[in-house]
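Computed from the coordinates by the stated procedures, all read-outs in this text should not be read as laboratory data. What you are looking at is a predicted structure, and each value in this text was computed from that prediction instead of being measured. Glycine also receives a Cβ, built like all others from the backbone with ideal geometry; neighbour counts cover every protein chain displayed.
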Amino acid sequence: MTIKSLALASALALLPAAAQAAEPTAADAKAFVADAEAQLSAYSDKAQRVFWVNATYITDDTDAMAADAGAEGTLLQVKLAKEAAKFNTVTGLDADTARKLFLLRQAIVLPAPDAPGAAKELAEIATRLQSTYGKGKGTARGKDVVGNDLEALMGTERDPKVLQEMWESWHAVGKPMAGDYARLVEIANAGAKELGFADTGAMWRAGYDMPAADFEKLIDRLLAEVQPLYTDLHCYTRTKLNEKYGDAVQAKTGPIRADLLGNMWAQEWASIYDVVAPKGAGDVGYDIGELLVSKQMGPIEMVKAGENFYSSLGFAPLPATFWTRSQFTKPADREVVCHASAWDIDNKDDLRIKMCIKVNSTDFVTIHHELGHNYYQRAYNKQSLLYLNSANDGFHEAIGDFAALNVTPEYLVKVGLLDQAKVPDASRDIGLLLRQAMEKVPGMPWTALVDKWRWGVFSGATKPADYNKAWTDLRLKYQGIVPPVPRPADAFDPGAKYHIPGNTPYARYFLARILQFQFYEAACKQAGWKGPLHRCSIYGDKAVGTRLNAMLEMGMSKPWPEALKAFTGSDQMSGKSMLAYFAPLHTWLKQQNKGQKCGW
Ligand code: X8Z
Ligand code: ZN
């Protein structure tokens, strides 16, 4: 309870009994919450199916249906949030009712104001943005390429002219979204204000069991912990890119050209490991994509391998319907949203993933990521509706990534993907760590800046005319990267990243990068691992699985520090585990960078 509502509550206590009669009681609040959960549950069962069909079969009709369902959900959530606020001054609430009332008031991604038609307009815009992204195409060597294929091609193409073409053509997908996005911000902010928040960003930041302002500080503190490692990786990578492409393409100093890093958004750089690998020790001896191809594994076998990891920890196999209802590969005959996601259609056991799987190392990791969502969803399915979520949204994103950290060479031998004779010895550790760092570390500044941009947009500090400039400025400030070509005045580059048109808050991925290393270090400790951290795999350890499940089962029922403590013994998020994992590499990077002017 806030100080303000406490004062109000004690003032009310002085009023004569008759004047208090209309005031709701703690019992009223509890009954209201139960009814709200029933309403949300009925809505969710229906709407999830509509959203699934829309995402896996984009047409004007399914767009219209999804927009209808979206509007209905927003109206319901906002109505319940406003009703929940009527209990703000009630005293004597039990902890669960108080927590659920707060969740009802805060946990809406895009609220709409009461104004007639606002929820409908907001849902139509949101659906249009997501479908525009889903249908987006770019070009490579003059040929049209769909987003999902272009993403993969960014990892293998090495001709800077073609890379530039792919980057530029894909970023044009965002352009038509700019007006819609500005309007969406206006409507959602009006909705957030009616619910008592300064703006939509403030509402998002309020969802972490701490004051919103403290959350912003937490992100900055965690980023400051890991940014020195990023700066050294950036410095080393820039040198290697300069050696490969020459001064005209990549200068020795200053920022890196965004299209040279093997990923459309420069968020994971592992695809260009071959460009940065140190001579000799850089040959880590295997590539997961090549192993999968040589074992003739297709998308389904890859998902089975992911399931097998979780089964080895004691988790029950995925339900039969998972295999018949999921979308594993891109259908040939229709538009779909390829961006990977995990679904729990009925909040019971109708678990599914939606992917356009390619047989490569990136998608092998993404499968573990998505399955982490599914096992989490299933673990908390006994909780009541408002607790059907992770401790905070970063936890949901971290579980599958934590699982994928256990994909070590020794693990690959155990599951029959790698020959024992090919296991890289300790002399290859720097190579292994460098490849993993290229995958994980660039995500730190990136995952922090996406919502820094949105927070600025929602607060009004960034005006529509400056949307793109603010994006490019943040990319330079935090990632030290620049677009390969000057951006046109009407560009809307944020629209070329799924989570902006998809309206998925992104700070969760920042937290997940921190948390996955904390989970991993704790799990390895529980397993009694004594070697270098990055060589540990908890594959097959049922005791660790039981303890992990105990955290997952809690869902959102307790503040996240309690959930974190249940598994790791600590109630603080910290970058220390990640830094410990990469410590030998960081020392090595500093040696390599001697004499360089690092930074940008
Ligand atoms: O969006 C995702 C997942 C779906 S929840 C594939 N990720 C972020 C991204 O792709 O930008 C996972 C890593 C970060
Ligand atoms: Zn995810």
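Based on the Stokes-Einstein relation at 25 °C and a viscosity of 0.890 mPa s, and on the Kirkwood radius from alpha carbon pairs, segment 459-584 is assigned a translational diffusion coefficient of 137 µm²/s. Counting 0.36 nm for each residue step from Lys382 to Ala543 and taking away their Cα separation leaves a gain of 55.8 nm.
In terms of surrounding Cβ atoms within a 10 Å radius of their Cβ, Phe215, Phe309 rank from fewest to most as Phe215, Phe309. Here, segment 239-376 has an Rg and a Dmax of 18.7, 57 Å when only alpha carbons are counted. Starting from the exponent 0.38 and prefactor 2.2 Å, build the expected Rg for segment 69-226 from its residue count and divide its actual Cα Rg by it. For segment 69-226, the normalised Cα radius of gyration is 1.38. Let me see the pair-distance distribution of segment 144-291: every alpha carbon pair, 5 Å bin width, integer percents in order. Going from the shortest bin to the longest, the percentages are 2, 8, 12, 13, 13, 14, 14, 11, 8, 4, 2, 0, 0.
Take segment 7-156, drop everything but the C-alpha atoms, weight them equally and run the Debye formula without solvent; then report log10 I(q)/I(0) at 0.11 Å⁻¹ to two decimals. At q = 0.11 Å⁻¹ the computed log10 ratios are -0.61.
Classify segment 520-600 from the C-alpha gyration tensor, please: rounded if a/c falls under 1.5, else prolate or oblate depending on whether a/b exceeds b/c. Oblate, since a/c reaches 1.5 and b/c is not below a/b. Dimensions of segment 205-309 based on its C-alpha atoms, expressed as ranges along the principal axes with the largest first, amount to 52, 46, 25 Å. Can you tell me what the convex hull of the Cα atoms of segment 374-479 projects to on average, as an area in nm²? Result: a mean projected hull area of 10.7 nm². Subtracting the Cα-Cα distance of Arg141 and Ala64 from 0.36 nm times their residue separation leaves 24.2 nm of extension gain.
Note on Lys244 and Lys414: the model spin-label points, each 7 Å out from Cα along the C-beta direction, lie 3.3 nm apart. If eta is 1.306 mPa s and T is 10 °C, what Stokes-Einstein diffusion coefficient results for segment 241-284, Kirkwood Rh from Cα pairs, in µm²/s? It comes out at roughly 140 µm²/s.
Between Ser570 and Arg183, the distance separating the two model label sites (each 7 Å from Cα on the Cα→Cβ line) works out to 4.7 nm. Here the scattering of the chain is modelled by Debye summation over its C-alpha atoms, one equal scatterer each and no solvent; at q = 0.06, 0.10, 0.11 Å⁻¹ the log10 of I(q)/I(0) is -0.31, -0.90, -1.11.
Each residue in Glu268, Glu290 was given a count of other beta-carbon atoms within 10 angstrom of its own, and listing them fewest first yields Glu290, Glu268. Of Val249, Val303, the sequence from fewest to most neighbouring Cβ atoms within 10 angstrom is Val249, Val303.
Relative to the longest principal axis of the Cα atoms of the chain, the long axis of helix 160-171 lies at roughly 10 degrees. Note on Gln296 and Asp28: the model spin-label points, each 7 Å out from Cα along the C-beta direction, lie 7.0 nm apart.
Net charge dipole, the chain: roughly 1280 debye, given to the nearest 20, about the Cα centre with Cβ charges of +1 for Lys and Arg and -1 for Asp and Glu. For segment 90-155, pairs of C-alpha atoms spaced more than 15 angstrom apart make up 71 percent of the total. Just so you know, the averaged projected area of the alpha carbon convex hull for segment 320-389 sits at 5.2 nm². Counting only alpha carbon atoms, the long axis of helix 393-405 and the longest principal axis of the chain meet at about 30°.
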